[in-house]
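Enquirer: Provided herewith is a single structure, encoded as structure tokens, for subsequent inquiry.
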Amino acid sequence: MRRYSTFNLFLIFLGGLILLFILAPLVGMFLKTSPVDLIETAKDDDVVNSIWLTLSTSFCATIIFAIAAIPLAYLLARKNFFGKRFVLGIIDLPIVIPHSAAGIAILGFISRDTVVGEIADQFGLNLVGHPIGIAAAMAFISIPFLLNAARDGFSAVPVRLEKAALNLGASHFRVFFSISLPLAWRNIVSGLILMFARGMSEFGAIVIVAYYPMVTPVLIYERFGAFGLKYARPVAVLFIIVCLIFFVLLRLLSKEKTDANS
Amino acid sequence: MLTVNNISKKYKDFVLDDISFSVNNEDYFVILGQSGAGKTILLEIIAGLIKQDKGKILFNNKDISFEKIQKRNFGLVFQDFAIFPHLSVKENILYALKSKKLDKISTKEKIQELAKVVNISHLLHRNTTTLSGGELQRVALARTLALEPDILLLDEPLSSLDIILKDELRALLRKLNKNGQTIIHVTHDYIEAVTLANKVAVLHNGKLLQIGTPKDVFQNPESKFVANFIGIKNFFKTKITNKNKAVINNNIEISLVSDNTETEGCLLIRSEDILISDKQLEASAMNNFYGEIIDVYPIESNYELIIDIGVKLSAFITETSINKFKLQAGKKVWICFKASAVKFIKT
């Protein structure tokens, strides 16, 4: 009995190569890092602080920008207007431009001699080299992921349900919060997680806006440049572990929430 | 009273053209039309979900053409029910009650009362994603009735139900109407119009072709389309007296095949099923009547006879038979049809 055709074997072979390509470097890195090094690294204040900084700035950037991004995604899913394709193009820009170039653009936007910089200055803030500057860089790079996921989510909510809610006497605000948002929630959460993840892993734009305080991707780069592969590796491994734990937790939490809804 | 005056709407490549009609309070108004005739758009314009390009809508003499959806108080039941999938049955009904701002106890009582009316008390705590089509339909109806709408707008409410559920829902709609609920019901099925409506409008390609009582529209179609579209001319309010017997017009007894007894309803006989003869036929057909031809006129490639047997019956007949039996107005003939050709619909 032949269970696999030649074609299927061919597909499995190629697919396997790709999986290996993704997994092998990561597994290799884990294997080459001794638990002792890992524990040492976890005790290193610089590392721990940078991981906290990275997680918290990315988290805040995601939540704050989501407040405006989710309504925008709704607008884009529901309304047709002149120049909509242009707006959609703008939204995808951060994905296609080089991140170091994005960093230069943001630096030019928030540095002290700009309007934004001057306003911040009046509150005694220098955005360059400040977590706010880091958050701005993270959000700039990662917001397309949230916008696109949320837009898909809203598009999938039948317009009829919103019409029915209006007919039942609900205001547009109530319809948005009680019908559209809960039904698109699964996609929005995916978008939030993606945005958070993408912000956390950003290096190119952040390194230009703020070398200090050091987010973990910058710290890994710095350790690699100053001390070499052996010193950079445990930080990388630790950061990956922390990220994975966070994603699994977020996925589980969001799953519970959506299950309760369905 | 709802008055729709010269409503026009261009929607993509569809045009709703100069629609005018009025619906009195406690009317059961059926808008009959094929799919794509513009029925749903018309309902949504009345509900305020779509804005008309031209024309006015008046309710009790007040212009509501540009009134907000939420303020119109017309409850629309969508063809696919539009039940909120993330809410339970009870929460779906509660959604409509929120805008009523009732206190907790009245809300609870109201939900129980509505659930009882549409017979879903046992479903209140169920998740809506596991309900059948008929159950969803009832939830949608309860949710809309919670608004206590001035007019209930129904978009093809019976089309997705099987025959038994259709009968049940038809009876429920009838009951609601009898209790004073004004209903506008759009459908493609003329039987729904015959059995439920006290006023019918025929909509075709965005135009209203005819409005009137079911008798007016079905027995005197003003256009060829209406004549072809409405499938039946012989329909009568009836009561089944005992098994397999029904009485129409208080004095004419019709034999039929039915398990119902002591039931009111509507009786339908297709014009094609009626036979004409000079003498009474010795045949198995149970229904034999003697009557006078009132009118003969051509339709399509055949002729239609109107025969008075105490009530007026329409029969289709070929030109050959017209000539053979020398059928003309004033002539007396025998007609017969089988008991199994008589259709009874409970209302």
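Enquirer: So what's the convex hull volume per residue for the Cα atoms of segment B:54-210, in Å³?
Expert: Here the figure is 143 Å³ per residue.
Enquirer: B:Val296 to B:Asn251: FRET efficiency via 1/(1 + (r/R0)^6), r the Cβ-Cβ distance, R0 30 Å, to the nearest 0.05?
Expert: Once the sixth-power term is evaluated, E becomes 0.70.
Enquirer: What is the gain in length, in nm to one decimal, between B:Thr261 and B:Asp18 on full extension, counting 0.36 nm per residue of separation less the C-alpha to C-alpha distance?
Expert: Between B:Thr261 and B:Asp18, full extension yields an extra 82.9 nm.
Enquirer: Now for a separate question. Between B:Lys237 and B:Lys62, what's the calculated FRET efficiency when r is the beta-carbon distance and R0 is 35 Å? Round to 0.05.
Expert: Between B:Lys237 and B:Lys62 the formula returns 0.50.
Enquirer: Quick one: plug the Kirkwood hydrodynamic radius of segment B:1-139 (C-alpha pairs) into Stokes-Einstein at 10 °C, 1.306 mPa s, and report D in µm²/s. Can you show the working numbers first?
Expert: Working: Rh = 17.1 Å.
D, rounded to a whole number, is 93 µm²/s.
Enquirer: Based on alpha-carbon positions alone, could you give the equivalent ellipsoid semi-axes of chain A from the gyration tensor, as √(5λ), descending, whole Å? List each step's numbers first, then the result.
Expert: Numbers: eigenvalues 244, 180, 65 Å².
Each semi-axis is √(5λ); the values are 35, 30, 18 Å.
Enquirer: Across every pair of different alpha-carbon atoms, what Kirkwood hydrodynamic radius in Å does segment B:188-347 reach?
Expert: On the way: mean 1/r = 0.0606 Å⁻¹.
Evaluated on segment B:188-347, it is 16.5 Å.
Enquirer: Also: Need one number: the % of Cα-Cα pairs in the protein assembly as shown sitting beyond the 30 Å mark.
Expert: Here the long-distance tail beyond 30 Å is 68 percent of all Cα pairs in the protein assembly as shown.
Enquirer: Along the three principal axes, how long is segment A:1-92 when you take its alpha carbons, biggest first, rounded to the nearest angstrom?
Expert: Extents along the principal axes: 56, 56, 21 Å.
Enquirer: In a shell of Cβ-Cβ distance under 12 Å around B:Asn250, excluding B:Asn250 itself, what net charge do Lys and Arg (+1) and Asp and Glu (-1) give?
Expert: Numbers: positive: B:Lys237, B:Lys239; negative: B:Glu253.
Around B:Asn250, the surrounding residues sum to +1.
Enquirer: A follow-up question, please. Please report, to two decimal places, log10 I(q)/I(0) for segment A:24-138 at q = 0.14 Å⁻¹ as given by the Debye formula with identical point scatterers on the Cα atoms and no solvent.
Expert: -0.88
Enquirer: With 25 Å as the cut-off, how large is the P(r) tail for segment A:129-262, expressed as percent of Cα-Cα pairs?
Expert: 44 percent
Enquirer: Between A:Ser111 and A:Phe177, how high is the FRET efficiency from 1/(1 + (r/R0)^6) when r is the Cβ-Cβ distance and R₀ = 45 Å? Nearest 0.05.
Expert: My answer for the efficiency is 0.70.
Enquirer: In Å and whole numbers, how far do the C-alpha atoms of chain B stretch along each principal axis, longest first?
Expert: Taking max minus min along each principal axis of the Cα atoms, chain B gives 73, 46, 32 Å.
Enquirer: Filter the cross-link list B:Lys224/B:Lys326; B:Lys71/B:Lys104; B:Lys71/B:Lys175; B:Lys10/B:Lys101 down to pairs whose alpha-carbon distance in this structure exceeds 29 Å.
Expert: B:Lys10/B:Lys101
Bear in mind these aren't lab numbers, they're just calculated from the coordinates by the rules spelled out. None of these values were measured; they are calculated from a predicted model. FYI the Cβ positions are ideal-geometry reconstructions off the backbone, even for glycines, and counts take in every protein chain you see.
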